[in-house]
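Participant: There's a structure below that I have some questions on.
The values are calculated or read from the model by the stated rules, or taken from the named source; none is laboratory data. Small disclaimer: the values here were computed from a predicted structure and weren't measured. Positions of Cβ are backbone-derived with ideal geometry, glycine not excepted, and every protein chain shown enters the neighbour counts.
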Amino acid sequence: MTKQSEMEPSFDTIFEFITMGMALISLDGQWLRLNRSLCDMLGYSETELLTTNIKALLEPAQQGHFLSAYEKLQVGTLTDYQLNMRIQHKNLAMMCVDWRMSVVRDSDYEPQAFLVQVKEISEQSEMERKLAESEQRYKSLIEHNPAGILTCDIQGRILGANPAMERILGYSKDELHLQLIHHLFQPKDPNLVQAEGMHLRNDNYMLKFQQANGEIIELGVKNVPIIVNGEWDGVYLIAKDITQFNRDRESLRIAQQDLHDTVRRQQGMTLKFRKINGNYVHTLCDGELLYRLGYKPSHILGKTLYEIWPTMLATSIEAYYHRAWNGEENVMFESTFRGITYITSLRPIMENERMIEVIGSCVNITERKQMEIELRETKELLESVINNTSDAISVLDLNARVISVNAAHEHIFGWSQEELMGRTLPIYPSYLENERKEMYEQLRLGKQISGKESVRLRKDGRLIHVSITKTPIKNEKGEIFGFAAITRDITERNQTEELLRKSDKLAVAGQLAAGLAHEIRNPLTSLRGFLQLLQHDMKDKKHYFDIMLSELDRINFIVSEFLVIAKPEAITYKKSSLETILQSVIALLDTQAVLCNVELLLEFQSEIPEITCSEMHLKQLFINLIKNAMEAISKDGQIKMIVSLHGEDLIRVRTQDNGSGIPEDRMKQLGEPFYTTKEKGTGLGLMMCFKIVEAHRGTMSIESQVGYGTTIDVYLPTDKNEPNLDT
Ligand code: ADP
Ligand code: MG
């Protein structure tokens, strides 16, 4: 033991000569002993330092800390204690020291004193300063980072949060301190629960977080591991509020979806195609029409025309695609597939003068097409009815100018549609001007005229009897914009009616004539003979005989006229000149005309060909007409005979007088046998005229106005169409 103690330096020696400051402090905190190094370190002599209070050496801020450690050592809750402390040098400079204290115990393990070791650590603190500075830099990076940063330990406990994170989460860093990260992100909504251990993920991920105010935000998160001395020490959670970004992305998605839905739900169809390796490939196709055609977008997308349609259809469509791809605007075409007809219009889309794609929009026109067909059929039907009816139909504008007339109109009136176009209808006899005006007045008031009977003028001058129905034509607003007229030619009907009526009387007259003519003529002949004999003997009574003879002649004349009626077959025809016939009639009546003070004129407006006729009967016809005219003129009148050619088929002989005229209500009776207004009339003249004209296949019309005169037109056919009329 002794030997050993001799060899080893004693505690006192070590205490005295060690370069580290050492001291013993009593349990109540008084210096017991100090070594030289400590005195030198603090600049005091041993005696000076022994009288200095330990507490007085310490920086005031550290005094409390020191005392609590001291107390813990005293009660034994702490066996040794190390502290970096700042203490004051005698020259008042502060110095940094490593202060270690441990308890010195006796053999009974009772504490006896504290052993203090003090080491100056100024160099070390300089390094710490640098460390602190770099720590500040790194802290500033975190503090001012616009991204939210949470610092966690490896268990996921939050150690810190930067201001950006405080803002994002709505909690202060003190509130967050030491919370488990997966608890923090486990809000009330169970859908928002995040898995434990999320802070260890190394991908980018999204979190939903319910802020202190209850609002839910979305965060985009990236974990960055904290590695200290090659060891994983903790995690930075770097988070960004991507709520707005997500909202924008969502509205973009909704807009895209909306566009897609619009394209899909449209009634038609929209498509796009591009040319890829020489083929037109569809890049879009949707819309209701597509489904109606029996396809789905998947049947079309990425496919060429030939992969979709039957070859014939594909080839024809390809030609149009080709034109659009070559830049032609407004390429349109019609296709029919499975009974559906649709129109496609193509629109090329260029970018920097390069063809990008072609957009096509398709419209289903099946119904429209069907309607068009029906409309056309209806129109055709209507037109065919209009053009095939025997009634004349004319459509006039508000000024009564012709818009159109049908075929029957041309046929009945003789004017072609071209001639009438834009003109007023030239079918009113001049004396019916009032009727015309009145009719249009009624129509303009919106009234309809139906079944009105009247007469109208043909192009060839002939009058025809018509039944007229006229209606105003209104537009959808009810405004009148024109008139339609349906005119039925009832001349024939009237003529037949009249003929029937007249032929009744004629038959009676005919039978009477046939039966009585000879019976009457024979006694008349003998009566005349005896009268002539007696005349010789009774010369003084001459004027009685004259009267008796003229009366007998008159009876004879009437009977002869009867005979003409009764035996029309007796007429013989031969080619004769109408001019010669008329000249001789005029010559015959001229003297009588002069006596009556009537001017008798004959006018040929064109060269008149010879016609096949009965000369004797035509003479009789014109004599009758002229005599009637002369009888209608009381004095100083004029009778004009005008002969003209109407086309190649008809000759018109007009007899015009300026006599008394015939009242309208009597017109119908003209030509009836025994209808006369004259005291000495027979009422057979006109009837014979009709008979003769009819026998020559002609027509006769009478126009008259009371007080102005009468015009009688006789139309006789030329021989052009009937060269072998001789019978
Ligand atoms: P009549 O001359 O013997 O009376 P018609 O048959 O020749 O018999 O004529 C019948 C009637 O027709 C006449 O009574 C007359 O009232 C009328 N009439 C015929 N021609 C004319 C005429 N040119 N002007 C006026 N009235 C006429
Ligand atoms: Mg007469």
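Participant: With (1) under 20 Å from residue 335 (Cα atoms); (2) surrounded by fewer than 17 Cβ atoms within 10 Å (Cβ to Cβ) as the list, and residue 245 as the residue in question, which single condition is left unmet?
Facilitator: Here residue 245 meets the rest and fails (1).
Participant: Hey, among the residues in region 665-680 that are surrounded by fewer than 18 Cβ atoms within 10 Å (Cβ to Cβ) and touching a residue at least 12 places away in the same chain (Cβ under 8 Å), which one's nearest to ligand 1 (Cβ to nearest atom)?
Facilitator: Going through region 665-680, the residues surrounded by fewer than 18 Cβ atoms within 10 Å (Cβ to Cβ) turn out to be 665-669, 674, 676-680.
Right, trim to touching a residue at least 12 places away in the same chain (Cβ under 8 Å) and you get 667-668, 674, 678.
Working: 667: 10, 668: 12, 674: 9, 678: 4 Å.
In this case the residue turns out to be 678.
Participant: So, one more: Suppose the filter is part of a helix (DSSP H, G or I) and buried (at least 17 other Cβ atoms within 10 Å of the Cβ); does residue 440 pass it? Talk me through it step by step, then tell me what you get.
Facilitator: Details: part of a helix (DSSP H, G or I): yes; buried (at least 17 other Cβ atoms within 10 Å of the Cβ): yes.
Considered against the rule, which asks whether it is part of a helix (DSSP H, G or I) and buried (at least 17 other Cβ atoms within 10 Å of the Cβ), residue 440 comes out as yes.
Participant: Within region 324-340, how many residues are surrounded by 12 or more Cβ atoms within 10 Å (Cβ to Cβ), assigned to a strand (DSSP E or B) and hydrophobic (A, V, I, L, M, F, W, C)?
Facilitator: 4
Participant: Could you list all residues from region 590-634 that are within 16 Å of ligand 2 (Cβ to nearest atom), in a helix (DSSP H, G or I) and touching a strand residue (DSSP E or B) at 6+ places or on another chain (Cβ under 9 Å)?
Facilitator: Correct list: 592, 593, 621, 622, 625, 626, 628, 629, 630, 632.
Participant: Quick check on region 49-61. Is at least one of its residues farther than 19 Å from residue 38 by Cα, surrounded by 12 or more Cβ atoms within 10 Å (Cβ to Cβ) and assigned by TED's automatic domain parsing to the domain that holds residue 25? Give the derivation first.
Facilitator: Here is the first cut: in region 49-61, the residues farther than 19 Å from residue 38 by Cα are 60-61.
Add one more test, that the residue is surrounded by 12 or more Cβ atoms within 10 Å (Cβ to Cβ), and what stays is none.
Checking region 49-61: not a single residue is farther than 19 Å from residue 38 by Cα, surrounded by 12 or more Cβ atoms within 10 Å (Cβ to Cβ) and assigned by TED's automatic domain parsing to the domain that holds residue 25.
Participant: Next question, about the same structure. Given 708, 715, which one is surrounded by 19 or more Cβ atoms within 10 Å (Cβ to Cβ) and either within 13 Å of ligand 2 (Cβ to nearest atom) or over 14 Å from residue 628 (Cβ atoms) (or both)?
Facilitator: Working: 708 fails: surrounded by 19 or more Cβ atoms within 10 Å (Cβ to Cβ).
Sole residue among the options that is surrounded by 19 or more Cβ atoms within 10 Å (Cβ to Cβ) and either within 13 Å of ligand 2 (Cβ to nearest atom) or over 14 Å from residue 628 (Cβ atoms) (or both): 715.
Participant: So, of the residues in region 68-116 that are assigned to a loop (DSSP other than H, G, I, E, B) and among the charged types (D, E, K, R), which turns out to be surrounded by the most Cβ atoms within 10 Å (Cβ to Cβ)? Walk me through it before giving the result.
Facilitator: Within region 68-116, the subset assigned to a loop (DSSP other than H, G, I, E, B) is 76-79, 89-93, 106-110.
Cutting the leftovers down to among the charged types (D, E, K, R) gives us 90, 106, 108, 110.
On the way: 90: 14, 106: 9, 108: 6, 110: 9.
Step by step, filter region 68-116, then rank; the result is 90.
Participant: Inside region 44-81, can you point out the residues that are charged (D, E, K, R) and closer than 18 Å to residue 100 by Cα? Steps first, please.
Facilitator: Initially, region 44-81 is screened for residues charged (D, E, K, R), giving 46, 48, 55, 59, 71-72, 80.
Answer for region 44-81, where residues must be charged (D, E, K, R) and closer than 18 Å to residue 100 by Cα: 55, 59, 71, 72, 80.
Participant: Can you spot a residue in region 681-697 that is under 60 Å from the mean Cα position of the chain (by Cα), away from ligand 1 (no atom under 12 Å from the Cβ) and either buried (at least 19 other Cβ atoms within 10 Å of the Cβ) or assigned to a strand (DSSP E or B) (or both)? Don't jump to the end; show me each part of the working.
Facilitator: Going residue by residue through region 681-697, those that are under 60 Å from the mean Cα position of the chain (by Cα) are none.
No, the conditions are met nowhere in region 681-697.
Condition check ((1) in a strand (DSSP E or B); (2) touching a strand residue (DSSP E or B) at 6+ places or on another chain (Cβ under 9 Å)) across all residues:
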site: 235; (1), (2): yes, yes
site: 239; (1), (2): yes, yes
site: 246; (1), (2): no, yes
site: 250; (1), (2): no, no
site: 255; (1), (2): no, no
site: 260; (1), (2): no, yes
site: 270; (1), (2): yes, yes
site: 290; (1), (2): no, yes
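Participant: Which of the residues belonging to region 381-408 are closer than 20 Å to residue 481 by Cβ and in contact (Cβ under 8 Å) with a residue 60 or more places away in the chain?
Facilitator: Residues satisfying the conditions are 393, 394, 395, 396, 397, 398, 400, 403.
Participant: So in region 352-390, with the set limited to residues that are within 24 Å of residue 305 (Cβ to Cβ) and over 19 Å from the mean Cα position of the chain (by Cα), which one is surrounded by the fewest Cβ atoms within 10 Å (Cβ to Cβ)? Let's see the steps before the verdict.
Facilitator: Applying the first criterion (within 24 Å of residue 305 (Cβ to Cβ)) to region 352-390 yields 354-366, 369.
So of that shortlist, the ones also over 19 Å from the mean Cα position of the chain (by Cα) come out as 354-359.
On the way: 354: 6, 355: 15, 356: 12, 357: 16, 358: 23, 359: 17.
If we take residues in region 352-390 being within 24 Å of residue 305 (Cβ to Cβ) and over 19 Å from the mean Cα position of the chain (by Cα), then 354 is surrounded by the fewest Cβ atoms within 10 Å (Cβ to Cβ).
Participant: How many of the residues making up region 341-389 are of a type outside the set (Val, Ile, Thr) and part of a helix (DSSP H, G or I)?
Facilitator: Narrowing region 341-389 to residues of a type outside the set (Val, Ile, Thr): 342, 345-348, 350-355, 357, 360-362, 364, 367-372, 374-377, 379-384, 387-388.
Those left that are additionally part of a helix (DSSP H, G or I): 367-372, 374-377, 379-384, 387-388.
The total comes to 18.
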